[in-house]
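Read the structure below first, then the notes.
Readers should treat all values here as calculations from the given coordinates under stated rules, not as data from a laboratory. It should be emphasised that the depicted structure is a prediction, and the values quoted were computed from it without experimental measurement. Glycine also receives a Cβ, built like all others from the backbone with ideal geometry; neighbour counts cover every protein chain displayed.
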Amino acid sequence: MAKTQSKKSSPKKTKPAAKAKAVKPVKKPAPVKKEAPKAKPVPQKLVSTAKGYSKKDLEYFRDIILEKKKEILEELETLRDTMMDSTTGEYTNENPTYSTHMEQGTDTMEREKTFLFASRESKFFNYLEDALKRIDAGEYGRCQTCGKLIEKERLEAVPHSQQCLSCKLQRSK
């Protein structure tokens, strides 16, 4: 029986060695932790684009608009005085008895020009009124075409602007 035990014991020794060589444990790679993408720092100008102008800036623009309105009212008053007869309070007419045809033409042209100036000033005044309403509604300073913030320099020059410069230039093409 000893012989049978030795036979049994020797194949047992070779079998486990053969299994160990054939089946090697595979190392699984460690799970990769995915980090959330880091937010890129937003430039300061873009931060203000998302929020709009501050209350201080809006008050600054309101002051500019109110000053422009004051200038327009003074100009309209001057134009009204030139168009109206101060004694009667009516619009002046040419006096055909004291003027020649050329003078009448010049007077008419001057009167039309004065009415044109008054009309332009009134239209500009209405634009400024609308800008004040947009300030009160919190919509002032945003381009109505693209939604971006209108540049501060543009609003200082044209306080009733409703479009940024790039949208305005595209529109005029």
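Relative to the present Cα-Cα distance, how much length would full extension add between residue 119 and residue 165 at 0.36 nm per residue of separation?
So the chain would gain 14.0 nm between residue 119 and residue 165.
Under a 5 Å amide H to amide H cut-off, with H placed in plane at 1.01 Å, what residues pair with residue 84 once short-range neighbours are removed?
92
List the residues, sorted by chain then number, that are 5 or more residues from residue 146 or on another chain and whose placed amide H is less than 5 Å from its amide H.
Answer set, sorted by chain and number: 164.
Taking neighbour Cβ counts within 10 Å as the exposure measure, how do 164, 143 sort from fewest upward?
Placing the least packed residue first, the sequence is 143, 164.
In the neighborhood of residue 146, defined by Cβ-to-Cβ distances under 12 Å, what is the net charge if each Lys or Arg adds +1 and each Asp or Glu adds -1?
Charge balance near residue 146 sits at +4.
Quick check on the exposure proxy: order 121, 112 from fewest to most C-beta atoms within 10 angstrom.
112, 121
Which distance in nm do the two modelled labels at residue 51 and residue 173 give, with both placed 7 Å along the Cα-to-Cβ direction?
Here the answer is 3.4 nm between the modelled labels.
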